[in-house]
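Colleague: Structure provided below as C-alpha cells; questions to follow.
The values are calculated or read from the model by the stated rules, or taken from the named source; none is laboratory data. The structure presented is a predicted model; accordingly, all values stated were derived computationally and were not measured. When we count neighbours, we look across all protein chains shown, and the Cβ atoms used for this are built from the backbone with ideal geometry, even at glycine.
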Amino acid sequence: MFEGLSEKLQAVFDRLGRRGVLSEADVDVALREVRLALLEADVNFKVVKDFLARVRVRAIGAEVHKSLTPGQAVIKIVHDELLTTLGEGGKLDLGGPAPRVVMLVGLQGSGKTTTAAKLALRLRSAGRKPLLVAADTYRPAAITQLEQLGRQLSITVHSESASVPPPVICQNAITRAIQGAFDVVILDTAGRLQIDDKMMAEIEDVRQRTKPCETLLIADAMTGQEAVNIADAFNKRVGLTGLILTKVDGDARGGAAISMRAVTGVPIKFLATGEKPDAFEPFHPDRLASRILGMGDVMTLIEKAQVEFDEKETLRTAERMMTAKFDLEDFLGQLRQIKKMGPIGDLLKMIPGFNQISKDLTPEMTEGQMKRTEAIISSMTRDERRDPNLLNASRKRRVARGSGVDVQDVNELLKQFKQAQTMMKQLSSNPRLRNMLKRP
Amino acid sequence: MASLRDTLSRTRNSVFSRIQTALGQSDITDETWEELEMLLLQADVGATTTEGLITRLRERARADGIVRADALRGALKRELKALLLSHPATHSFASNRMLEVIMMIGVNGSGKTTSIAKLCKLYKQRGRKVLLAAADTFRAAAVDQLQVWGERNGVDVITGPQAVDPGAVTHDAVMAAFARKADLLIVDTAGRLHTKHNLMQELVKIKNVLQRTVHEAPHQTLIVIDAANGQNAIAQAKGFAQAVGVTGAILTKLDGTPKGGVAFSIVSDLGIPILFVGTGEKIDDIEPFDADAFVEDLFEA
C-alpha cells in the first residue's frame with residue numbers, strides 16, 4: 001500500500017545521491033519532497049510537521065557526514081523516525097481469568113464485522129475458544145452478516161433480536177461465555193461517528209458492563225486527515241488499547257496509520273489484507289517502514305511461502321530435483337503451490353527493487369502465462385507428464401486442442417522444461433549445492 | 001440546502017471559519033499563505049491541488065494588487081468554485097427510456113447499499129417504478145441488507161443464491177425489470193478495491209451483461225466515495241473509471257467528517273461530477289450536490 005510513497009522518496013534520494021556533501025539547504029529540499037509525499041499519503045499535516053522537525057534536527061549535523069552517501073544517511077534517518085513513530089507492533093493481551101473481552105469499535109464501513117470474524121479465526125487457530133457477539137443492531141442485516149460468517153468458520157455467534165439494546169446483548173454474551181466455557185469474547189459493535197454523542201455513550205456503557213481487556217479501533221487504511229480526530233475521540237471516550245488497519249491490500253498509502261499511532265500512542269496490532277477470513281497479519285513496523293522506503297517486504301514473502309508451501313511436498317520436489325528426476329508432474333505441483341500464495345502481482349511487489357519493474361509487468365500477463373502452462377500440463381496423460389519424450393506430433397496436437405493453445409505453445413513449454421532439466425542436472429552434480437539444498 | 005448547510009457547519013467551524021480568520025483584516029504575509037495552505041490540507045484538498053490553488057491565488061494577488069488578506073477570500077472562493085464547475089453535474093430523475101439502468105460501484109464500506117436505498121426513495125417519490133438488483137453475492141448478508149431496504153421502500157429486490165455469479169443475478173434482474181415493467185433498475189455491486197484486477201474484471205462482466213440486454217446500458221455508473229477517505233479516493237475513482245467508466249460520484253458520510261476536500265480533485269482532475277452527498281444513516285439523509293452552495297457554505301460565518 002505504501003508503494004506510491006516509496007517511489008517518491010526514492011526519487012528524492014536519487015537526486016540527493018548525485019550530490020557530494022549534504023548541506024542544510026539540501027536537507028530542506030529533500031524534506032520538502034518528503035513532506036509532500038507524506039501529505040499525499042494522508043499523514044496528518046500536524047504529524048508531518050513534527051515528524052519533519054525531528055528528521056531535520058537529526059539530518060543536519062554530524063550524523064550525515066559519517067555515512068557513505070548523504071542520500072543513504074537521510075534514508076536511514078527517515079526510516080528510523082518512521083519506525084519510532086509507527087512504534088512496536090503490539091500483541092493482544094489476553095492473559096487473566098476467562099472470559100477475556102475484546103471490543104471492536106470504529107466508523108461505519110471500516111470493516112469491523114469482517115475483522116471480528118478474522119480475529120476469531122486467528123484466536124481459534126491459537127487454541128482459544130472464541131465467542132463472537134453481534135452487537136450491531138442498527139445496520140440492516142449486520143447481525144445476519146456475523147451469523148453467516150460464524151457459520152462459515154464454525155465459530156459460535158451470540159446474537160439477539162435487534163430490539164435489545166447492545167449493552168444488554170454484550171452483557172448476556174459474557175454470561176453465556178462463562179456457561180459455555182468460551183475464553184475470548186469478541187464484541188462487534190455498530191459503526192459510529194466519533195462526534196455522535198449518543199452512540200459514543202452507548203459503547204461507554206458496553207465498556208462498563210463488559211470490562212474489555214482489549215478495545216481495538218478498526219480503521220480504514222484509506223482514511224484521510226480526519227484519522228487523528230477519529231482516533232483521538234475514540235481513545236478519549238473508551239480508552240483504546242490498539243489499532244487494526246483494514247483494506248491494506250489496496251493502494252492507499254496508509255498515512256492514517258502513522259497519524260493514528262502518533263495521536264493515541266497505542267500500538268497497531270494487526271493489518272487486514274483481503275476479503276478472505278485468513279487475510280489477517282500481525283503488524284511489523286520494520287516491514288512497513290521498509291516498504292515506505294521502497295526496500296521491499298521480503299519477510300512477508302518468506303512467511304507467506306512458509307505457510308503456504310507444503311513442507312513434505314517441497315522436500316520431495318527438492319529430492320527429485322537433486323536426482324534429476326524432476327518431471328512435468330513435479331513442475332505442475334510447484335506451479336500450484338505458487339498460485340496458492342496469492343496473486344502473483346502482490347508477490348512480486350514484495351521483492352526489493354521490484355516496485356519499478358512490476359509496473360511494466362502486468363499481473364494478468366504472468367498470471368495468464370501460469371494458467372496456460374497449467375492447462376497444457378493438465379491436458380497431458382500421467383505417462384506423458386512423467387516422460388515428456390512420449391509426446392509425438394499427434395499427442396502434441398491433442399494436448400494443444402485440450403488446453404486451447406497452439407502446438408507451438410506446447411513445444412515452447414517443453415523446450416523450457418528441457419532447459420530447466422538440464423540446469424538441474426548440472427546443479428545436482430555440484431556437491432556444494434547438493435549440500436546446501438539438503439539443509440533446508 | 002438548509003440541511004447540507006448544517007452538515008457542513010462543522011467543516012466551517014473547524015476549518016473554513018479559520019480560513020476567514022486567516023484572511024481577516026490584515027495585510028497578506030508569508031504566514032497568511034502558510035495558514036491558508038494548512039487549512040486546505042486539513043480539509044483533505046490534497047497537497048498537489050492545494051499547491052496549485054495557492055500558486056494561482058498568489059498570482060492573482062500580485063496581478064490585482066491585493067494586499068489585504070480579506071480580499072483573498074473572494075478570490076479563493078472563485079478558484080474553488082471553478083474547480084467544481086469545471087465538470088458540472090448533469091443529473092435528471094426523469095428518463096424517457098423504457099428501462100433506465102444505474103450501476104453502483106465503489107470500494108468496500110463506502111456506503112453503496114445505503115446510498116441505493118436513499119436514491120431508491122428519491123426516484124420513487126418522483127413516480128419511477130424502481131427495481132433493485134442484489135449483485136453483491138460475495139459479502140455475507142449483503143443481499144439481506146438490500147432486502148431490508150427494499151422492504152422499507154416498498155420496492156422489489158431481485159436476488160440469487162450467495163456466491164452465484166453476479167452477472168447471472170444482473171441478467172435475471174434485467175429480465176424481471178422487463179417483465180414487471182419497471183422503468184429503473186439499480187444494480188448493487190459488491191465492494192471491491194480498485195487494485196484487484198480479477199474483481200474489476202467481474203465488474204466489467206456485469207457491465208457487459210447490462211450492455212447486451214438493455215440499449216445503451218448502464219445509463220449511469222455511480223461511484224460511491226467515503227468522504228472520510230483521503231487522497232486514495234482519487235485513485236479509487238481513477239481505477240473504477242478505467243475499468244467500467246464512471247458518470248458521477250456520490251460523496252457519503254459527510255455528516256461527521258467535515259472534509260469533502262477530495263471532491264475538488266475528483267471533479268477537476270478526473271472530470272467526474274459529484275451528483276449527491278450522503279449526510280447520515282437515515283433514508284432521507286441525501287442531497288443533490290450543489291457546487292455553488294457547497295463552496296458558499298464553506299465560507300458562511
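Colleague: For the stretch B:83-97, name all the residues that are aliphatic (A, V, I, L, M), touching a residue at least 40 places away in the same chain (Cβ under 8 Å) and farther than 11 Å from residue B:53 by Cα. Before you say what the answer is, go through the steps one by one.
Modeller: Narrowing the stretch B:83-97 to residues aliphatic (A, V, I, L, M): B:83-85, B:89, B:94.
Okay, now just the ones that are also touching a residue at least 40 places away in the same chain (Cβ under 8 Å), so B:83-85, B:89.
Correct list: B:84, B:85, B:89.
Colleague: If we scan the stretch B:180-197, do we find a residue that is among the basic types (Lys, Arg), part of a helix (DSSP H, G or I) and either modelled with pLDDT of 95 or more or closer than 21 Å to residue B:107 by Cα (or both)? Working first, answer last.
Modeller: Of all residues in the stretch B:180-197, those among the basic types (Lys, Arg) come to B:180-181, B:192, B:196.
When the remaining residues are screened for being part of a helix (DSSP H, G or I), the result is none.
No: the stretch B:180-197 contains no residue that is among the basic types (Lys, Arg), part of a helix (DSSP H, G or I) and either modelled with pLDDT of 95 or more or closer than 21 Å to residue B:107 by Cα (or both).
Colleague: Another one. Out of all the residues in the stretch A:164-179, is one or more in contact with a helix residue (DSSP H, G or I) (Cβ under 8 Å, 6 or more places away or on another chain) and assigned to a strand (DSSP E or B)?
Modeller: There is no residue in the stretch A:164-179 that is in contact with a helix residue (DSSP H, G or I) (Cβ under 8 Å, 6 or more places away or on another chain) and assigned to a strand (DSSP E or B).
Colleague: Within the stretch B:210-232, identify whether any single residue is within 14 Å of another protein chain (Cβ to nearest Cβ), touching a residue at least 24 places away in the same chain (Cβ under 8 Å) and closer than 25 Å to residue A:368 by Cβ, and answer yes or no. Break it down into steps so the answer makes sense when it comes.
Modeller: Of the stretch B:210-232, the ones within 14 Å of another protein chain (Cβ to nearest Cβ) are B:223-232.
Cutting the leftovers down to touching a residue at least 24 places away in the same chain (Cβ under 8 Å) gives us B:223-231.
Filter again for closer than 25 Å to residue A:368 by Cβ, leaving none.
No - not one qualifying residue is present in the stretch B:210-232.
Colleague: (1) of a type outside the set (D, E, K, R); (2) modelled with pLDDT of 75 or more; (3) crowded, with 18+ Cβ neighbours inside 10 Å: which one isn't true of residue A:293, the others all being true?
Modeller: Among (1) of a type outside the set (D, E, K, R); (2) modelled with pLDDT of 75 or more; (3) crowded, with 18+ Cβ neighbours inside 10 Å, the lone unmet condition for residue A:293 is (2).
Colleague: Shifting gears a bit: Tell me which residues, restricted to the stretch B:35-58, are charged (D, E, K, R) and more than 13 Å from every other protein chain (Cβ to nearest Cβ). Don't jump to the end; show me each part of the working.
Modeller: Initially, the stretch B:35-58 is screened for residues charged (D, E, K, R), giving B:35, B:37, B:44, B:51, B:56, B:58.
Residues satisfying the conditions are B:56, B:58.
Colleague: Return only the number of the condition from (1) among the hydrophobic types (A, V, I, L, M, F, W, C); (2) closer than 27 Å to residue B:39 by Cα; (3) within 14 Å of chain A (Cβ to nearest Cβ); (4) in a loop (DSSP other than H, G, I, E, B) that residue B:272 does not satisfy.
Modeller: (3)
Colleague: Quick one: would you say residue A:218 is outside any helix (DSSP H, G or I), within 14 Å of another protein chain (Cβ to nearest Cβ) and surrounded by fewer than 24 Cβ atoms within 10 Å (Cβ to Cβ)? Break it down into steps so the answer makes sense when it comes.
Modeller: Working: outside any helix (DSSP H, G or I): yes; within 14 Å of another protein chain (Cβ to nearest Cβ): yes; surrounded by fewer than 24 Cβ atoms within 10 Å (Cβ to Cβ): no.
No: the conditions fail for residue A:218.
Colleague: On the basis of being touching a residue at least 12 places away in the same chain (Cβ under 8 Å) and not hydroxyl-bearing (Ser, Thr, Tyr), does residue B:76 make the cut?
Modeller: Working: touching a residue at least 12 places away in the same chain (Cβ under 8 Å): yes; not hydroxyl-bearing (Ser, Thr, Tyr): yes.
Yes.
Colleague: Go over the candidates A:186, A:174 one by one and state the one that is crowded, with 24+ Cβ neighbours inside 10 Å, farther than 30 Å from residue B:239 by Cβ and not assigned by TED's automatic domain parsing to the domain that holds residue A:36. Show your work before the answer.
Modeller: Details: A:174 fails: crowded, with 24+ Cβ neighbours inside 10 Å.
That would be A:186, the only listed residue that is crowded, with 24+ Cβ neighbours inside 10 Å, farther than 30 Å from residue B:239 by Cβ and not assigned by TED's automatic domain parsing to the domain that holds residue A:36.
Colleague: Within the set of pairs 6+ apart or on separate chains, which have a first residue in the stretch A:165-183 that is touching a residue at least 12 places away in the same chain (Cβ under 8 Å), a second that is of a type in the set (Phe, Trp, Tyr), and C-beta atoms under 8 Å apart?
Modeller: If the second residue must be of a type in the set (Phe, Trp, Tyr), the pairs left are A:176/A:182.
Colleague: Could you run through the stretch B:160-199 and say how many residues are more than 25 Å from the chain's Cα centre (by Cα) and within 12 Å of chain A (Cβ to nearest Cβ)?
Modeller: Count: 2.
Colleague: For residue A:105, are the conditions met, namely being modelled with pLDDT of 95 or more and either more than 21 Å from residue A:196 (Cβ to Cβ) or not assigned by TED's automatic domain parsing to the domain that holds residue A:177 (or both)?
Modeller: Working: modelled with pLDDT of 95 or more: yes; either more than 21 Å from residue A:196 (Cβ to Cβ) or not assigned by TED's automatic domain parsing to the domain that holds residue A:177 (or both): no.
No; evaluated as a whole, the condition is false for this residue.
Colleague: Check the stretch A:125-142 and report whether any residue there is within 9 Å of another protein chain (Cβ to nearest Cβ), surrounded by fewer than 24 Cβ atoms within 10 Å (Cβ to Cβ) and over 17 Å from residue A:203 (Cβ atoms).
Modeller: There is at least one residue in the stretch A:125-142 that is within 9 Å of another protein chain (Cβ to nearest Cβ), surrounded by fewer than 24 Cβ atoms within 10 Å (Cβ to Cβ) and over 17 Å from residue A:203 (Cβ atoms).
Colleague: In addition: Of (1) in a helix (DSSP H, G or I); (2) touching a helix residue (DSSP H, G or I) at 6+ places or on another chain (Cβ under 9 Å); (3) away from chain A (no Cβ under 13 Å); (4) surrounded by 19 or more Cβ atoms within 10 Å (Cβ to Cβ), residue B:150 satisfies all except one. Which?
Modeller: (3)
Colleague: Another question, if that's okay. Name the residue that is surrounded by the most Cβ atoms within 10 Å (Cβ to Cβ), counting only residues in the stretch B:237-287 that are among the charged types (D, E, K, R) and within 25 Å of residue A:197 (Cα to Cα).
Modeller: Within the stretch B:237-287, the subset among the charged types (D, E, K, R) is B:238, B:253, B:255, B:259, B:269, B:281-282, B:284-285, B:287.
When the remaining residues are screened for being within 25 Å of residue A:197 (Cα to Cα), the result is B:253, B:255, B:259, B:281-282, B:284-285, B:287.
Numbers: B:253: 30, B:255: 22, B:259: 28, B:281: 20, B:282: 11, B:284: 11, B:285: 19, B:287: 19.
Taking the candidates together, the pick is B:253.
Colleague: In this structure, does residue A:120 turn out to be assigned to a strand (DSSP E or B), small (Gly, Ala, Ser) and crowded, with 19+ Cβ neighbours inside 10 Å? Steps first, please.
Modeller: Numbers: assigned to a strand (DSSP E or B): no; small (Gly, Ala, Ser): yes; crowded, with 19+ Cβ neighbours inside 10 Å: yes.
No.
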